[in-house]
Amino acid sequence: MIHGLVATPMLFDVDEIRQFPAQSRIHFIECSGNPKYVAPWGKTAAEVSGLVSCAEWTGVPLKTLLEHVGLDAKAKWIVAEGADGASMTRSVPIEKCLDDAMVVYSQNGERLRPEQGYPLRLLLPGFEGNMNIKWLRRIHVTDQPGYTKEETSKYTDLMADGRARAFSFVMECKSLITYPSGSQCLTRKGSHEMKGIAWSGHGKITHVDVSTDGGNSWYPAVLQTPILSKALTAFRAQFDWHGEELMIMSRAIDETGYVQPTLQHLIDVRGKVSTYHNNSIQPWKISSTGEVTNGRA
Ligand SMILES: Nc1nc2c(c(=O)[nH]1)N[C@H]1C(S)=C(S)[C@@H](COP(=O)(O)O)O[C@H]1N2
Ligand SMILES: [Mo]
């Protein structure tokens with residue numbers, strides 16, 4: 001049951017949607033459960049933070065479709081519904097719908113694959129993965145959120161005081177070193193190159209700093225161009241290893257000036273029982289024999 005409907009229903013088939021002027025944009029999609037907020041921590045970079053991807057998406061700005069239908073002044077939200085068994089449904093503020101939201105039909109130049117939402121998917125650049133509704137079949141325009149299962153019992157964070165943080169849409173700035181990372185091994189002493197990815201749901205990455213001493217001192221990594229808004233940005237940084245123990249980590253900063261926090265920072269603000277939106281610094285430990293393991297205690 002959706003309350004507060006404010007639009008006249010209008011049906012589009014996919015071929016009609018493909019007649020509207022199209023756009024192609026490169027964006028990441030990341031599950032807000034990436035990585036988990038609590039132990040046990042994963043062993044590898046993929047286990048820790050693998051629920052993120054970046055692709056070129058092609059489709060129609062949602063704004064174009066809403067303006068075509070005619071948007072009521074009372075419209076404050078949309079409630080978007082998927083055609084899967086769960087009818088996955090999420091509410092999206094109208095500001096996002098009129099900004100960079102899209103209804104997409106292609107990914108990396110081919111039609112969406114079945115598992116990515118064929119024939120249509122809602123793309124909300126920078127917003128948590130769950131809201132990017134696959135197999136999109138219906139959009140209700142409303143004056144209030146739907147308070148659906150996925151934005152009440154799921155995808156909310158219980159705070160230390162017992163209240164839940166809800167509608168935490170944006171994926172905040174983070175980074176991840178992918179080489180060297182958990183389960184890999186340095187096989188020679190000398191100069192090495194750290195590699196990783198950084199991204200922010202608020203826009204472009206402006207800096208990534210790296211540390212080899214557990215965050216006591218930091219130096220800048222080199223960012224690979226092009227640096228796109230709300231897209232994965234590759235970084236690299238040189239470091240030396242001569243058989244001593246190192247704790248390597250990276251810290252990203254985005255164009256809003258926001259600095260990727262430590263896990264302790266997040267715990268100080270949110271407590272220990274959260275589930276989603278862990279964008280904290282991920283440490284990797286290099287042992288005296290070159291083995292790399294998760295640096296989280
Ligand atoms: N209709 C529908 N859309 C969905 C889901 C779903 O179960 N049903 N899963 C969501 C979740 S939880 C995430 S993290 C992303 C994953 O997108 P990907 O498979 O392209 O990485 O899709 C979202 N869209
Ligand atoms: Mo997810």
- [ ] Quickly work out the Thr187-to-Phe167 label distance, labels modelled 7 Å from Cα along the C-beta direction, and quote it in nm with one decimal.
- [x] 5.4 nm
Task: Relative contact order [Cα under 8 Å, 6+ residues apart], the range 86-148, whole percent - done: 37 percent
TODO: Using just the helices of the chain, give the 222 nm mean residue ellipticity in deg cm²/dmol: DSSP H runs with n ≥ 4 each add -39,500 (n - 2.57), and the total is spread over all residues, rounded to 500.
DONE: -2000 deg cm²/dmol
Open item on the list: How much accessible area per residue does the range 2-134 have, counting only protein heavy atoms and a probe of 1.4 Å, in square angstrom?
Closed with: 46 Å²
Task: Where labels lie 7 Å past Cα in the beta-carbon direction, separation of Lys195 and Lys149 in nm - done: 4.1 nm
TODO: Would you check the accessible area of Glu67, probe 1.4 Å, heavy atoms only, in square angstrom rounded to 10?
DONE: 110 Å²
Open item on the list: What is the distance in Å between the Cα centroid of the range 111-135 and that of the range 141-204?
Closed with: 18 Å
- [ ] Please arrange Trp41, Trp57 by accessible surface area, largest first, computed with a 1.4 Å probe and ligands excluded.
- [x] Trp41, Trp57
Task: Zone of Met247's modelled label, taken as backbone nitrogen in the range 253-286 under 13 Å from a point 7 Å along Cα→Cβ - done: 262-264, 281-286
- [ ] Can you bin the range 82-231 into rounded, prolate or oblate? Criterion: square roots of the alpha carbon gyration tensor eigenvalues sorted a ≥ b ≥ c, rounded for a/c under 1.5, prolate for a/b above b/c, oblate for the rest.
- [x] prolate
- [ ] Note down the magnitude of the dipole of the chain about its Cα centre, charges +1 on Lys and Arg C-beta and -1 on Asp and Glu C-beta and zero elsewhere, to the nearest 20 debye.
- [x] 340 debye
Task: Shape metrics for the range 1-135, restricted to C-alpha atoms - Rg then Dmax, Å - done: 16.1, 51
- [ ] Under a cut-off of 16 Å between alpha-carbon atoms, report the aspartates and glutamates in cross-link reach of Lys63, not counting same-chain residues fewer than 8 places apart.
- [x] Glu16, Asp72, Glu95, Asp99, Asp100
Open item on the list: At a threshold of 8 angstrom on Cα-Cα distance, excluding pairs fewer than six apart, so keeping six or more, what relative contact order does the range 124-254 reach in percent?
Closed with: 25 percent
TODO: Could you point to the residue in Thr64, Leu228, Gly190 farthest towards the positive end of the chain's charge dipole, with +1 and -1 charges on the Cβ of Lys/Arg and Asp/Glu respectively?
DONE: Gly190
Task: Coarse-grained scattering of the chain at q = 0.07, 0.14, 0.15 Å⁻¹, given as base-10 log I(q)/I(0) from a Debye sum over alpha-carbon atoms - done: -0.30, -1.04, -1.15
Task: Under 17 Å from the Cα of Lys230 - lysines, other chains or at least 8 residues apart - done: Lys96, Lys174, Lys204
- [ ] Would you please put 264-270, 200-206 in order of how densely packed they are, using the mean number of other Cβ atoms within 10 angstrom per residue and starting with the highest?
- [x] 200-206, 264-270
- [ ] Multiply the residue gap between Asp99 and Asp72 by 0.36 nm, knock off their C-alpha separation, and tell me the result in nm, one decimal place.
- [x] 8.1 nm
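The values are calculated or read from the model by the stated rules, or taken from the named source; none is laboratory data. In this text the structure is predicted, and so the values were computed from the model without any measurement. So basically every Cβ, Gly included, is an ideal-geometry build from the backbone, and we count neighbours across all protein chains shown. Calculation scope for accessible area: heavy atoms of the full protein, side chains included, ligands and nucleic acids excluded. Shrake-Rupley method; radii C 1.70, N 1.55, O 1.52, S 1.80 Å.
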